[in-house]
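The values are calculated or read from the model by the stated rules, or taken from the named source; none is laboratory data. This structure is a prediction, so every number in the text was calculated from the model and none was measured. Cβ: placed from backbone, ideal geometry, glycine included. Neighbour counts: every protein chain shown.
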Amino acid sequence: MKQYNKLVLSDLHQRLYQILPEYKPISSWTGESGTFKAVDAEGTVYLVDISRSEAGLRHEKRFFCDYQQLVTNSMSRAEAKRTSPEDNWNLTLFG
């Protein structure tokens, strides 16, 4: 969702939470080592590897997808979830 040619941060976060369920968002980082997902203001998604060593805290950011891919991936996951059998959808066909 764009607002005055800028992406809305809450929309980006919502989309980020819909993809890569195996990774926690970087906002949930509490000091542990691991890989986290993150999104920047342009909608680019990164995987961030965080580790601790004797030299201190180290992080490495890896590109995962751009904004268009984020939109596509988050919409397809949302659609799949919406139409899952557990949602108890009842369809009536009129003929």
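Would you check if there is a residue in the range 48-70 being of a type in the set (Phe, Trp, Tyr), surrounded by fewer than 17 Cβ atoms within 10 Å (Cβ to Cβ) and part of a strand (DSSP E or B)? Yes: one or more hits. Considering every residue within the range 42-64, establish whether at least one is β-branched (Val, Ile, Thr), out of contact with any Ser or Thr (no Cβ under 6 Å at 6 or more places or on another chain) and modelled with pLDDT under 65. Within the range 42-64, not a single residue is β-branched (Val, Ile, Thr), out of contact with any Ser or Thr (no Cβ under 6 Å at 6 or more places or on another chain) and modelled with pLDDT under 65. Report, by residue number, each residue of the range 30-45 that is outside any strand (DSSP E or B), surrounded by 15 or more Cβ atoms within 10 Å (Cβ to Cβ) and not small (Gly, Ala, Ser). Once the filter is applied, which keeps residues that are outside any strand (DSSP E or B), surrounded by 15 or more Cβ atoms within 10 Å (Cβ to Cβ) and not small (Gly, Ala, Ser), the range 30-45 yields only Thr44.
Gly56 - would you say it is small (Gly, Ala, Ser) and over 13 Å from the mean Cα position of the chain (by Cα)? Can you show your working first?
On the way: small (Gly, Ala, Ser): yes; over 13 Å from the mean Cα position of the chain (by Cα): yes.
Judged against the criteria, Gly56 is a match.
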